[in-house]
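Since the structure comes first, as structure tokens, the remarks are kept for the end.
Derivation of every value follows stated rules applied to the coordinates shown; laboratory data play no part. As the structure is a computational prediction, the values presented were derived from the model and not from experiment. Cβ sites come from the backbone with ideal geometry, for glycine too, and all protein chains shown count toward neighbours.
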Amino acid sequence: GATWRQRADADLYDAKRRRRGLVPASLDTPEAEELLRAITDGELVVRYQPVVELRTGRLAGVEALVRWQHPERGLLAPDTFLPLAEATGVVDLLGARVLRAACHEVKAWQDRTGCRASVAVNVSGAELASAAYPARVLRALDDSGLAPSDLVLEVTETAFMDVPTMDASLSTLRRSGVRIAVDDFGTGWSTLSRLDQLPVDVLKLDKSFVDRVVPGAGCTPVVDAVLALARALDLEVVAEGVESAHQVTALRDAGCDTAQGYHLQRPVRLEEVDVSRAVHAAA
Ligand code: C2E
Ligand code: MG
Ligand code: MG
Ligand code: MG
């Protein structure tokens, strides 16, 4: 499968080609046609991974992660089809479907359970490059009834640096109450020099940093430094890819707000999300 770096490179490549006015990769291959058909036929489904507040163990939110429920090949992970979606420009349509599904499903789930967890949706550079993007998000919120403050948009560092019009779009959405997260923080084209000016609320500490938090010590100097940076800039931190109890303890003791990872819960259907320890809306 594609690594984050391959995905980032694909994003960058695509955005650069668009800027030069080159046409996107052909939709005229059987694979691309099948993907487009799958999206329009509703074969994409969304799984949700809990984001847990480390001090209290409460559910803070969920991240929406797309899957392709393929009729023959089963449930496919995004690394098997996102690169093609990006190269063909179909990712725009894919993103719109996931956004709408996530807003509607999470709102219905909130109403069923009384739980006010937020939902984070991954956004591609291609979607953000479109001037219509903020309106699309506001319409999805409006149609679903989800509160803007219950939506987080996750943007990778690379997309941040590569789409010049993005700050304006994200600022517009942020004024409506939507929160913005920098995904895979620390791995991309560094946003560090602009971090204090970017319209962001959350840093998602990439799994590669969390992987290096091993028993025998606290957090690593880099993790400690990112946590200090986030505190100084008043940003929330979500640690990604937490796979051990040790990592939970070390991150919590270092002052990390929230985390997600297989040790806490894998991406699941909303009905399978453990809301028992979640914050319940006052009756
Ligand atoms: P991401 O946004 O960084 O999402 C986190 C990925 O790490 C997810 O992979 C999740 O299942 C996985 N993960 C979570 N905890 C652990 C752990 O403890 N160990 C390990 N090994 N992995 C963990 P997934 O679902 O395969 O998604 C991969 C990437 O695909 C995402 O990375 C995101 O960049 C992209 N993606 C997913 N859904 C969408 C979408 O709807 N739109 C767009 N544009 N991109 C999406
Ligand atoms: Mg993400
Ligand atoms: Mg991430
Ligand atoms: Mg990541």
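Here are a few things to note about the model shown:
- Relative intensity, log₁₀ I(q)/I(0), of the range 68-224 from a Debye sum that treats every alpha carbon as a point, q = 0.14, 0.16, 0.20 Å⁻¹: -0.80, -1.01, -1.33
- Note that the chain carries a Kirkwood radius of 19.4 Å, evaluated over its alpha carbons pair by pair.
- Listing VAL275, VAL238, VAL214 from fewest to most neighbouring C-beta atoms within 10 Å gives VAL214, VAL275, VAL238.
- With the helix formula -39500 (n - 2.57) applied to DSSP H stretches of n ≥ 4, the chain reaches a computed 222 nm mean residue ellipticity of -12000 deg cm²/dmol.
- Working from label points 7 Å from Cα in the Cα-to-Cβ sense, the ALA225 to ASP79 distance is 2.7 nm.
- Computed E for ASP28/LEU138 - FRET, C-beta separation, R0 30 angstrom, nearest 0.05: 0.30
- Beta-bridge orientation, the chain: approximately 45 percent antiparallel, per DSSP, counting only bridges with both partners inside.
- In this rough spin-label picture, where each label sits 7 Å from Cα along the Cβ direction, the ARG269-ASP234 distance is 4.2 nm.
- For the pair ASP253 and ARG55 in one chain, pulling the backbone fully straight at 0.36 nm per residue adds 70.4 nm over the alpha carbon distance.
- About its Cα centre, the dipole of the range 156-240 is roughly 160 debye, where the only charges are +1 on Lys and Arg Cβ and -1 on Asp and Glu Cβ.
- Computed on the Cα atoms alone, the convex hull of the range 110-190 gives a volume of 88 cubic angstrom per residue.
- Within the chain, the longest segment free of exposed loop sites, counting GluC sites (Glu not before Pro) that fall outside DSSP classes H, G, I, E and B and have at most 16 other Cβ atoms within 10 Å, spans 73-242.
- Distances between placed amide hydrogens fall under 5 Å for SER118 paired with GLY61, VAL62, all partners being 5 or more residues away or on another chain.
- The chain: angle of helix 4-19 to the longest principal axis, Cα-based, in degrees nearest 10: 40 degrees
- For the range 224-278, the spread of Cα positions along each principal axis, largest first, Å: 37, 22, 17
- Look at the dipole of the range 69-177 built from charges on Cβ: of VAL121, VAL155, GLY145, the Cα furthest out on the positive end belongs to GLY145.
- Efficiency of FRET between ALA147 and THR40 - r from beta-carbon atoms, R0 30 angstrom, step 0.05: 0.55
- Euclidean distance between Cα centres, the range 79-145 to the range 48-68, Å: 16 Å
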